[in-house]
Every structure is written in C-alpha cells, then in structure tokens.
Amino acid sequence: MEPASFAYFAPTSLNEALDLLEQHGQDAKLIAGGHSLLPAMKLRLAEPSTLIDLMAIPGLSGIRVDGDTLVIGALTVHADIARSDLVRQRVPGLSDAASVIGDQQVRNRGTIGGSVAHADPGADLPVMLTALDATFVLTSRNGTRTVAADDFFIDFFATALDPLEAVTEIRVPLPPAGTGTGYAKLGNPASGYVVISAGALIGRGVDGRCTRAHVAVGGLAGGPWRATATETTLTGRQLTAQAIAAAAAVAAEGAELDDDNFASGDYKRQLATVYAQRAIEAAVGRINA
C-alpha cells in the first residue's frame with residue numbers, strides 16, 4: 001500500500017510552519033510522529049497534498065510545571081511522558097496511559113500533540129486527558145486560544161481544531177493533595193488500540209467521602225465519553241468497594257452502543273463497568289494527604 005503523492009516541508013520554526021499551513025490551506029496536514037496519519041495515507045483514507053513536518057521545530061517538546069499546571073509540549077513523545085519522574089509523581093494516571101500506547105516503537109515516535117489532534121477513538125491519551133480536565137493550547141498566525149478537553153473532542157477523528165491551527169501545548173491541572181489518578185485499558189491484542197479504557201481522577205476528604213470524581217471512558221463513542229452518571233453516583237459517598245462498584249456500574253449510562261469488529265454493544269457496556277471500576281480503584285489507591 002502506498003500513499004498518494006504529496007509535497008513535503010520541514011520548517012524550522014513554528015511561524016514558518018503556520019505560514020506554510022496558510023499557503024497550502026485545507027489540503028495540507030501537519031505531521032509529527034506520523035503513527036496516526038501515515039497509516040491512513042497508506043490506506044488512502046487520507047490524501048493530503050502537502051505534509052508539514054513539525055519535528056525540526058525547537059521549543060515544542062518537554063515537560064515542566066507552571067504554577068499549579070503541568071505543561072507538556074505538543075511534540076513530546078509518549079515514551080518521555082511514560083517515564084517522566086515528574087509525571088509519575090504528580091499525575092501517575094497520565095503515565096499509565098502513555099505507557100500502554102501501541103508498542104515501544106510507537107511510543108518512541110508518537111507525540112501527545114499528534115494523538116490529541118488526530119482524535120482517534122481508539123487512542124489512550126484523549127481519554128485520560130479528559131478525566132484530568134486538561135486544556136489544549138491552539139496556535140495560528142492570528143494568535144493562540146485554549147480549549148478544554150470536554151469541548152475539544154467532537155466525534156470520530158473530529159475536533160475543535162481549526163485547519164490553520166496547530167496544537168502547541170497540553171496543560172494539565174496538577175491534582176491537589178487528597179486526590180489520585182488512574183487509567184485502565186483493554187486493548188486490541190493485535191493493534192493495541194482501545195477496545196474499552198477508563199481514566200479517573202478521584203478526590204477524598206478527611207471524612208473519607210468522595211469530594212471530586214472525574215471519569216472518562218474510551219471505546220463507547222466517537223470520542224472520550226464523560227461518565228457523568230458515575231461521577232454523580234460517587235461524589236459525596238464513602239469510597240468503599242461497594243460504592244465504587246455501584247458508580248462504575250453506570251459508566252455507560254446514556255451511551256448509544258453499537259456492535260463493531262472488536263465487541264458487541266452489550267459486551268462494551270459490561271467492559272465499561274469493569275474498567276471504570278479498575279481506574280477508580282487505581283486512583284483511590286494513590287490518594288495521599
């Protein structure tokens with residue numbers, strides 16, 4: 001399988017990349033690691049006339065803390081997120097998600113910005129980033145804007161990203177004391193793509209009750225599914241095994257589930273319960289003062 005012919009540019013600055021994007025319009029695509037776009041091009045599911053490679057641009061990778069926010073450059077590869085001591089210590093659920101993406105080769109080349117922009121419903125990071133209430137910094141020649149994860153992912157491979165914008169940063173609020181994060185996934189054994197996954201951020205008060213519950217599930221919809229029924233059921237309750245199980249049992253409530261090549265709708269509903277429970281339990285197990 002070969003892609004259709006295309007022009008290729010490797011700009012060395014963000015401004016140059018954005019200029020090229022404006023010049024070539026909607027027929028152009030930005031590319032970073034390429035592990036999402038290139039397979040689609042080989043299958044002729046995507047046929048951009050121009051590729052603009054971002055990987056030679058300095059300053060778009062790295063992980064740092066800015067006040068109470070974890071800032072991740074869009075060109076940061078999955079492997080660096082998975083093994084970052086800063087991420088493991090402050091947001092371990094994000095490290096969990098990055099560490100189970102594809103295989104080692106994919107993790108060494110794929111980028112967080114590419115995963116966010118491509119919005120594959122079988123991707124790991126969009127699910128965990130939604131649970132973490134992350135925001136995405138989008139940059140064009142007209143300036144920058146910030147979009148919350150809940151508003152960014154629209155449907156299958158569809159986002160709020162304008163064709164002339166690039167994702168430049170991912171910003172994750174650092175969970176405060178008394179909060180834990182976790183991620184759990186059932187991946188397709190051949191591809192590693194999500195069949196069902198869940199990300200959770202759980203807060204616990206001094207009385208043992210849940211003060212905060214953010215839960216997102218992958219594999220139920222065209223993008224990350226915010227399990228609002230689970231969040232509502234758990235908030236204010238003691239974080240017992242029974243309460244967690246009851247909350248996880250409604251993780252797919254409201255989702256319109258169809259059969260696909262991986263699983264039936266009924267099976268995915270059951271899997272959502274199982275993996276939401278695992279993610280919540282992992283998050284609760286990491287809560288400390």
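Couple of notes before you dig in:
- Relative contact order (%) - criterion: Cα under 8 Å, at least six apart; region: the stretch 7-53: 56
- Listed residues T135, Q26, A79: farthest to the positive end of the dipole of the chain (Cβ charges): A79
- Distance from the stretch 203-277 to the stretch 74-100 (C-alpha centre basis), Å: 23
- For a straight C-alpha distance cut-off of 14 angstrom, the aspartates and glutamates reachable from K185 (same-chain residues fewer than eight places away being disregarded) are D96, D124, E281.
- The stretch 234-289: C-alpha gyration tensor shape, a/c 1.5 cut-off, then a/b vs b/c: prolate
- Principal-axis tilt of helix 14-24 within the chain, Cα atoms, nearest 10 degrees: 70
- Within straight-line reach of K42, meaning a Cα separation under 18 Å, sit the following lysines at least 8 residues removed in sequence or on another chain: K29.
- Projecting the Cα atoms of G180, A248, I170 onto the charge dipole of the stretch 155-289 (Cβ charges, centred on the Cα centre) puts G180 farthest toward the positive pole.
- Helix 265-285 vs. the chain, principal-axis angle (Cα, 0 to 90°, nearest 10): 80
- Taken about its Cα centre, the chain carries a charge dipole of about 960 debye when Lys and Arg each add +1 at the Cβ and Asp and Glu each add -1 at the Cβ.
- Based on C-alpha pairs under 8 angstrom that are at least 6 apart in sequence, the chain has a relative contact order of 16 percent.
We did not get these values from a lab; they are worked out from the coordinates using the rules stated. Treat the numbers as computed from the prediction; the structure is a model and nothing was measured. Backbone-built Cβ (ideal geometry, glycine too); neighbour counts: all protein chains shown.
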